[in-house]
Amino acid sequence: QVQLVESGGGLVQAGGSLRLSCAVSGRTFRQYPMGWFRQAPGKEREFVASWNGGRTAYADSVKGRFTISRDNAKNTVYLQMNSLKPEDTAVYYCAAKYERSWSNGYWGQGTQVTVSS
């Protein structure tokens, strides 16, 4: 069983930065592609960033501002968020891909990020 626990969310002013962390339990952390998603009020959950075999991918809306990284020794994946905008306000979820599907994978409970204007 794999468990994911996010932390690092909070309230920040526009232009500020936050770093989200996702601690992953289980010895097989290295085999999973990892990603971050977010869901704003009244909207569907959307892809933010992913790390797969050393390759990273980002949503256009965060490209150049957010950076995903992972520390396999600490079983942790990070999302560094800079130049935050009010439209980045959402609950952010960490996910581990399984059987080539995020839906089939493992998800954390989410952490709230609120960006004030």
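The values are calculated or read from the model by the stated rules, or taken from the named source; none is laboratory data. Note that this is a predicted model, so its numbers are computed, not measured. Because the Cβ atoms are built from the backbone with ideal geometry, glycine has one as well, and the counts that use them run over all protein chains shown. Side chains included, ligands, DNA and RNA excluded: accessible areas come from the protein's heavy atoms. Shrake-Rupley method; radii C 1.70, N 1.55, O 1.52, S 1.80 Å.
Within the stretch 65-106, take every residue that is among the basic types (Lys, Arg) and touching a strand residue (DSSP E or B) at 6+ places or on another chain (Cβ under 9 Å) and give me the one that is most open to solvent (accessible area, probe 1.4 Å).
For the stretch 65-106, the residue satisfying everything is 74.
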## Note on the structure
Within the stretch 104-113, the residues that are within 12 Å of the chain's Cα centre (by Cα), assigned to a strand (DSSP E or B) and either more than 24 Å from residue 13 (Cβ to Cβ) or aliphatic (A, V, I, L, M) (or both) are 107, 113
### Task
With the condition kept exactly as written, say whether any residue in the stretch 35-46 is within 15 Å of the chain's Cα centre (by Cα), part of a strand (DSSP E or B) and modelled with pLDDT under 95.
no
### Only one of 31, 13, 109 that is touching a Ser or Thr at 6+ places or on another chain (Cβ under 8 Å) and not aromatic (Phe, Trp, Tyr)
13
### Task
Quickly run through the stretch 51-73 and pick out the residues that are in contact (Cβ under 8 Å) with a residue 24 or more places away in the chain and more than 19 Å from residue 117 (Cα to Cα).
51, 52, 68, 70, 72
### Message
Could you check the stretch 66-89 and list, in sequence order, the residues that are part of a loop (DSSP other than H, G, I, E, B) and not basic (Lys, Arg)?
### Response
75, 82, 83, 84, 89
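Could you list all residues from the stretch 94-108 that are polar (S, T, N, Q) and under 15 Å from residue 22 (Cβ atoms)? First the steps, then the outcome.
Step one: list which residues in the stretch 94-108 are polar (S, T, N, Q), which gives 101, 103-104.
Those that are polar (S, T, N, Q) and under 15 Å from residue 22 (Cβ atoms): none in the stretch 94-108.
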### Query
Does residue 101 fit the bill of being more than 19 Å from residue 11 (Cα to Cα), of a type in the set (S, T, N, Q) and free of Cβ contacts under 8 Å to residues at least 12 places away in the same chain?
yes
## Note on the structure
Restricting attention to the stretch 48-64, the residues that are loosely packed, with under 13 Cβ neighbours inside 10 Å and not in a strand (DSSP E or B) number exactly 5
#### Entry: Filtered residues of the stretch 107-117 (kept if surrounded by fewer than 19 Cβ atoms within 10 Å (Cβ to Cβ) and touching a Leu at 6+ places or on another chain (Cβ under 9 Å))
107, 109, 112, 114, 116
### Selection count, the stretch 5-33, where residues are outside any loop (DSSP other than H, G, I, E, B), modelled with pLDDT under 95 and either in contact with a Phe, Trp or Tyr (Cβ under 6 Å, 6 or more places away or on another chain) or open to solvent by less than 30 Å² (accessible area, probe 1.4 Å) (or both)
2
### Task
Of the numbered conditions (1) in contact with a strand residue (DSSP E or B) (Cβ under 7 Å, 6 or more places away or on another chain); (2) under 22 Å from residue 57 (Cβ atoms); (3) open to solvent by less than 60 Å² (accessible area, probe 1.4 Å); (4) not aliphatic (A, V, I, L, M), residue 45 fails exactly one; give the number of that condition.
(3)
